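Some notes on the structure that comes next.
Please treat every number below as a calculation from the coordinates, not as lab data. What you see is a predicted model; the values in this text were computed from it and never measured. Cβ: placed from backbone, ideal geometry, glycine included. Neighbour counts: every protein chain shown.
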Amino acid sequence: MIIHVLRIYPFPVLLALAIISLLSCKTQDLYLDYRRPLPEKMITDLSYTPGVPGNFEITGISLRDSLLIIDLEFLGFENQEFDLYFDGVYQKTMPPHATLYIERKGGTKSRGEKITRQLLFDITGLKHPDYDRVIITVAGYTQMVIFTY
């Protein structure tokens, strides 16, 4: 039966299978929206010391594969950029615990309008060599997430 349908209608059946496979991709929504920026790389700086907290509020964090998604609200301009820092320190817990820090590029001036933005960061560099997961907190936010790899 299936072979008979494929012989008569090969193109529509293959097209339908291709569409179904594209729609089932679980990370598709992060990359196919042309308005959403590509993820930034997390900066690992062993000499990093946290500066003055920025004038922004973290309203949520989540993980999708190795992408950390941070929801922010701040006064500023739409093109404001942020960096995510890791100081290389893992707390000795099981699994290890790492704290990440967000900093505004260009200072902490809070003029302009209230902006709500979702930031994407590639945290592949956070993998601990001796474990298969790391607990992550972002300074200024109480919720933790577990990065499993």
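Restricting the stretch 50-95 to chymotrypsin sites (Phe, Trp or Tyr not before Pro) that sit in a DSSP loop and have at most 16 other Cβ atoms within 10 Å of their own Cβ leaves Phe77.
Run the numbers for Ile69 and Asn55: contour at 0.36 nm per residue of separation, minus the present Cα-Cα distance, in nm.
Working: separation 14, 0.36 × 14 = 5.04 nm, distance 1.88 nm.
Taking Ile69 through Asn55 to full extension adds about 3.2 nm, to one decimal.
On the beta carbon distance between Thr116 and Thr137, with R0 = 22 Å, the FRET formula returns roughly 0.55.
Residue ranges 140-146, 46-52 sort as 140-146, 46-52 when ordered by packing (mean number of other C-beta atoms within 10 Å per residue, highest first). Restricting the stretch 50-132 to GluC sites (Glu not before Pro) that sit in a DSSP loop and have at most 16 other Cβ atoms within 10 Å of their own Cβ leaves Glu78, Glu81. Between Ile43 and Leu84, Tyr85, Phe86, the built amide H atoms are under 5 Å apart, and every one of these is 5 or more places off in sequence or on another chain.
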